[in-house]
1. Scan segment 54-66 and give yes if some residue there is aliphatic (A, V, I, L, M) and more than 17 Å from Tyr229 (Cα to Cα), otherwise no.
2. What about Ala377, is it of a type in the set (A, V, I, L, M, F, W, C), buried (at least 21 other Cβ atoms within 10 Å of the Cβ) and assigned to a loop (DSSP other than H, G, I, E, B)?
3. Condition test on Ile468, is it outside any loop (DSSP other than H, G, I, E, B) and within 30 Å of His150 (Cβ to Cβ)?
4. Of the residues Val181, Val133, Val193, only one is more than 27 Å from the chain's Cα centre (by Cα), crowded, with 16+ Cβ neighbours inside 10 Å and farther than 28 Å from Met85 by Cα; which?
5. Does Ala123 qualify as being surrounded by fewer than 22 Cβ atoms within 10 Å (Cβ to Cβ), small (Gly, Ala, Ser), at pLDDT 95 or above and under 26 Å from the mean Cα position of the chain (by Cα)?
6. What strands (runs of 3 or more DSSP E) lie completely within segment 57-99 and have 3 or more residues being within 16 Å of Phe39 (Cα to Cα) and touching a strand residue (DSSP E or B) at 6+ places or on another chain (Cβ under 8 Å)?
7. Find the residue count for segment 408-429, including only residues that are crowded, with 24+ Cβ neighbours inside 10 Å and charged (D, E, K, R).
Amino acid sequence: MLRTAGKTHSVLLGLMLLCTGTARAVEEANGTPFDLQGFIDKELLQGSKHVVVPPGRYRVTPKNHQHLALRGLHDVEIVADGVEMICTETTRAISIAECRNVTIRGLTIDYDPLPFTQGRITAISADRLVHEVELFAGYPTAEYAKSFKHEIFRPDTRTLRCEDPPPMRIETVDSRHVRLVFTQGSASDDIRVGDSTVLSAEYAPHGSAGHAIECDSNENVRLESITLYASNCFGFIEHNCSASTYYRCKIDRRPVANDPVQRADARLRSLNADAYHSKQATKGPAYIECSARFMGDDCINICGDYHMVVHSRGNQLRVLAKWGMNIRPDDPVELVAYDGHRLPDAKAVAVQSDGTIRDDERAFIARQHLDENLRTARGDALHRAYAITLDRKVEMERGSLICAANRVGNGFRVEGCDFGNNRSRGILIKASQGRILRNRIEGCWMSAILVSPEYWWLEAGSSNDLRIEGNTITSCRGVPINVQATAGNGEIAACGAHRNITIAANRIDNCARPGIRVTSTSGLHLEKNAMNFLPADQALPGIPRRPWARGGGRVDNDVELIHCDQ
């Protein structure tokens with residue numbers, strides 16, 4: 001049975017005819033407007049375990065901030081080959097929750113209006129703090145523009161011009177013109193009049209929920225051959241799932257030839273943020289032969305949550321939960337000291353509420369190198385305290401970290417995928433017992449493959465027993481393969497944060513040295529990696545190389561190793 005927002009009755013989402021254009025002609029050719037949610041509900045209530053949705057392009061209106069809701073399904077396959085869902089508000093396309101052994105196949109998802117708008121820079125002030133922008137016809141008008149994920153593209157190659165511009169505010173001049181006012185000089189002096197700019201946009205009169213497809217508390221859900229052309233934030237996100245499979249899913253900017261709306265300029269962006277994002281998976285996801293291009297952030301991120309230790313005594317810890325506490329009694333826990341060294345794992349014996357953040361704890365957090373929401377303990381971030389009893393004594397300085405070691409996506413697989421042309425990382429991993437095999441990664445503005453916990457986001461954890469093998473990396477601006485661990489105090493973590501990492505038979509082309517960087521790792525195996533670097537005088541433009549955190553190490557032309565043993 002389907003449930004939405006806690007209700008057990010079926011949710012019927014009305015479908016609207018387009019007023020103009022190609023999409024209406026397609027719908028009329030398909031017959032009367034189609035109630036997608038109602039059709040699926042009816043088939044399931046009749047006992048069908050194999051639901052086939054009639055092909056067609058359908059405009060869908062959301063209810064409860066989602067255009068389609070699937071909840072509590074078991075042993076069901078939904079086939080949507082040739083089906084396109086046009087979301088009519090910039091809120092979530094599909095919610096899939098508490099499902100087991102469910103497959104969804106073949107669906108294409110797009111938005112009208114889009115969750116971003118696009119235009120051309122017509123003028124730049126002498127101090128470079130003001131950009132005048134004319135928005136292209138066919139994109140959301142000025143009143144819907146938002147200062148989230150602002151990107152600038154070259155008009156000739158239609159690829160990114162520079163790294164993210166600094167924070168700004170948007171002034172509406174008229175419906176087709178905006179003025180972008182920056183708080184500091186532009187991130188790159190290379191920004192030019194005539195460059196294209198992309199800004200997020202929001203049209204959600206009934207409220208907005210993030211991401212295109214959200215999976216929550218599912219087991220063995222398979223999403224196959226699903227195409228996403230837009231999202232207000234992430235494309236696919238999962239929370240608290242186990243053994244998800246994403247097979248031949250595709251994320252890309254939509255080509256002009258099949259765009260249902262005529263636009264004065266072809267799309268430059270696909271999604272506003274990450275393509276595939278997994279949080280707190282008990283068994284990690286498998287991404288097989290998927291693709292992701294031209295979105296506003298990472299291609300893949302697999303992680304858990306760190307919580308901050310603010311006091312320890314014996315086997316008792318006082319811990320501030322990142323958002324909510326996901327450590328449970330009997331969970332194995334990873335323990336990371338403030339200086340970055342990794343303690344032996346322990347087991348949580350008991351987890352109990354222990355009030356809220358105290359003034360001295362708040363003052364300490366305010367001094368840390370954390371995302372603004374975490375650093376200021378905004379909302380529920382680092383607000384609620386818990387007393388965690390371990391199965392042994394430990395000594396942990398304030399600012400140390402703890403996570404549920406079985407809720408970080410262990411056992412993941414990323415294989416045969418095609419990623420790139422995005423502003424951030426290609427494959428970002430914070431899990432263990434995983435495989436990154438035979439992927440192609442091109443044009444990332446940061447590392448193609450990054451294995452690293454991140455204190456900044458409190459994203460866990462460290463990695464054990466990992467193979468990075470047979471990947472092809474081309475024209476990426478960060479260190480192509482980067483395995484690292486940086487402590488809360490800014491130091492590079494000691495050897496042993498990561499354990500048993502194999503980097504083998506990868507090919508790196510058209511990137512700057514070093515091709516591989518590894519820190520803080522015991523049991524490192526490097527073999528048969530082929531590297532063809534750019535000449536030193538032809539370094540790729542973009543993100544400047546930053547000095548690494550403090551620490552000594554060995555560097556040659558190809559590989560940089562710090563605090564490692566082999």
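1. Residues of segment 54-66 that are aliphatic (A, V, I, L, M), as a first pass: 60.
Checking which are more than 17 Å from Tyr229 (Cα to Cα) leaves us with none.
No, there is no match, as no residue in segment 54-66 is aliphatic (A, V, I, L, M) and more than 17 Å from Tyr229 (Cα to Cα).
2. Criteria not met by Ala377.
3. Values: outside any loop (DSSP other than H, G, I, E, B): yes; within 30 Å of His150 (Cβ to Cβ): no.
Spelling it out, it is not the case that Ile468 is outside any loop (DSSP other than H, G, I, E, B) and within 30 Å of His150 (Cβ to Cβ).
4. Val133
5. No: the conditions fail for Ala123.
6. Result: 66-71, 74-79, 83-87.
7. Result for segment 408-429: 1.
Table: residues versus (1) under 30 Å from Asp465 (Cα atoms); (2) without any contact (Cβ under 8 Å) to a residue 40 or more places away in the chain.
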| site | (1), (2) |
| --- | --- |
| Trp323 | yes, no |
| Val336 | yes, no |
| Pro344 | yes, yes |
| Val349 | yes, no |
| Glu372 | no, yes |
| Thr376 | no, yes |
| Glu395 | yes, no |
| Gly409 | yes, no |
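The values are calculated or read from the model by the stated rules, or taken from the named source; none is laboratory data. Here the structure is a predicted model, which means the values were calculated and not measured. Cβ coordinates were reconstructed from backbone atoms using ideal geometry, including for glycine residues, and neighbour counts include every protein chain displayed.
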